[in-house]
Amino acid sequence: MFVSVILDPGGEESARQLAEILATYGFEKAQRACWETATINEQTLVRLKQDIDRVTDYYDTVRLYQFPVEGLLAVTVLIKKKWKRIVVRPPVATKSASTPRPAAKR
């Protein structure tokens, strides 16, 4: 599975600890606050989240983008020491506003 982790640490100590954890799990730094891997499985991801939870506090924010999760994109967020998960589904096909309507009878 591909996982991208975006960090917004509340302090330098949290930033250092999170970077060490991600490097330990094989993540590579893609940008200043973005780490990525394409070789993590679901069980390892559960352990990673536990390790992240252990070193973070109320002021740290962590966002994980995971694909595929049951064929879909999942966004998992740690904010104020609570994990929340959003599964992004493709939009439902609806009639477009640009679809011509039949002419009204007079």
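What follows draws every value from the coordinates through simple rules; no lab data is involved. Nothing here was measured: the structure is a model prediction, and the numbers come from that model.
Pairs of lysine residues in the chain that meet both criteria, 8 or more places apart or on different chains and Cα atoms under 28 Å apart, total 10. Listed options for semi-axes √(5λ) of the Cα gyration tensor in Å are (1) 22, 17, 11; (2) 39, 16, 12; (3) 21, 16, 15. The value calculated from this structure is the one marked (2).
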